[in-house]
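We did not get these values from a lab; they are worked out from the coordinates using the rules stated. Everything numeric in this text was worked out from a predicted model, so none of it was measured. No Cβ is skipped: glycine too gets one built from the backbone with ideal geometry, and neighbour counts run over all protein chains shown.
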Amino acid sequence: MGVSPVKSLGQNFLHDRNLAKWLVDQAAISPEDFIVEIGPGLGALTELALAKGARVSAIEKDKRLVQFLREKFQGDALEVVHGDALEFDTRMLYAQPKVKLLGNLPYYISSQLLIKFLEYPSPIYLWLFMLQKELARRLVATPATSDYGALTL
C-alpha cells in the first residue's frame, strides 16, 4: 500500500519483517490468545499474530489504514476498531481468557497509553511494545537522574 505515515498521528510503520517476527515470537502467541494490537499500521504484527491462530482486535485511528486492514485480513479472527486507543474501554478484556497487548506505539501517546493501561486492574497477561528510545529510558531510569519521573518503574 502506498501510504505514508501521518506525522500528526505519531505513525511509524514497522517494515522490518525479521523484527516483527521476533516480537511475535517473544509474545509466544498461540490460538488461545486474544491480542489487542495498538496502532497496527500496515499490519506487520497483525499478519503474524493471525498466522499463529490468535484472535486479534486491532485499534487504529487512521481511517485509511482501517479500510486497508479490513480488506487485507478478511475473516472472523480479526476485528479492526477505528478509534483512539486512549479511549479504549479495557473492561471488554475481562470476557477474554488470555489477553496480550502488542504494538508499535505511536510516539506521541506512548506514555499516556502506558498510564491508561496501568491505571486499573486488567486481565492483560503480557505487554509487548516497541517504544521510542527516550520513553524506554524514562521507564528504567534510576533516581536522581534527569530521566527519572512518574513513569519510572
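Summary of values
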item: Which of Ala77, Pro40, Leu23, positive extreme of dipole for segment 15-139 (C-beta unit charges); result: Leu23
item: Val3/Lys52 FRET efficiency (R0 25 Å; Cβ-Cβ; nearest 0.05); result: 0.50
item: Relative contact order of segment 77-153, defined on C-alpha pairs under 8 angstrom at six or more residues apart (%); result: 28 percent
item: Modelled FRET efficiency - R0 41 Å, Tyr94 with Asp16, Cβ distances, 0.05 increments; result: 0.75
item: Length-normalised contact order for the chain - Cα pairs under 8 Å, 6+ apart - percent; result: 21 percent
item: Whole-number Å³ per residue for the convex hull built on Cα positions in the chain; result: 117 Å³
item: Net charge of Cβ neighbours under 13 Å - reference Tyr125; Lys, Arg +1; Asp, Glu -1; result: 0
item: Efficiency of FRET between Ala28 and Tyr108 - r from beta-carbon atoms, R0 30 angstrom, step 0.05; result: 0.50
item: Equivalent ellipsoid, segment 28-72 (semi-axes from 5 times Cα gyration tensor eigenvalues, Å); result: 19, 10, 8
item: Unsatisfied cross-links (Cα-Cα over 22 Å) in the set Lys7/Lys61; Lys21/Lys52; Lys52/Lys72; Lys7/Lys100; result: Lys7/Lys100
